[in-house]
1. Step by step: first the residues of segment 8-41, then only those that are aliphatic (A, V, I, L, M) and over 18 Å from I71 (Cβ atoms), then the one that is surrounded by the fewest Cβ atoms within 10 Å (Cβ to Cβ). Which residue is that?
2. Name the one entry in F16, F23 that is under 15 Å from G73 (Cα atoms) and part of a helix (DSSP H, G or I).
3. For residues that are not hydroxyl-bearing (S, T, Y) and not in a helix (DSSP H, G or I), scanning just segment 72-83, find the one that is modelled with the lowest pLDDT.
4. Among the residues of segment 42-71, write down those that are part of a loop (DSSP other than H, G, I, E, B) and surrounded by 14 or more Cβ atoms within 10 Å (Cβ to Cβ).
5. With respect to G30, determine if the residue is at positive phi and assigned to a loop (DSSP other than H, G, I, E, B).
Amino acid sequence: MKILLLAPRGFEIFEFSALFDVFGWANNMGYGIKVVTCGLKKQVASAFGAVFTVDFIMDGINLEDYEALAITGGLVVPYNLYL
């Protein structure tokens, strides 16, 4: 299973890391889960300004390649999904 983990500008690090961790452990336990991270830009700033590099930007993603989409939350995330 291939999961796309979206990190919009202003995402909460705790929510992102919890999803990444759970999917990673599931993969280590033999469930065959691959997590791919993406954002609107290659460098994404979290809610408190820490900057993360994602695997892909959204423009280069084919959603049909994934079985699931996980979107992390944050205080201003709904607004930032459109920027």
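The values are calculated or read from the model by the stated rules, or taken from the named source; none is laboratory data. Note that the structure is predicted; figures quoted are calculated from it, not measured. Positions of Cβ are generated from backbone atoms using ideal geometry, with glycine treated the same way; all protein chains shown enter the neighbour counts.
1. Of everything passing the filter in segment 8-41, M29 is surrounded by the fewest Cβ atoms within 10 Å (Cβ to Cβ).
2. Of the residues listed, the single one that is under 15 Å from G73 (Cα atoms) and part of a helix (DSSP H, G or I) is F16.
3. Only one residue fits best here, namely L83.
4. Listed by number, the residues that qualify are A47, V54, D55, I61, Y66.
5. Working: at positive phi: yes; assigned to a loop (DSSP other than H, G, I, E, B): no.
No; evaluated as a whole, the condition is false for this residue.
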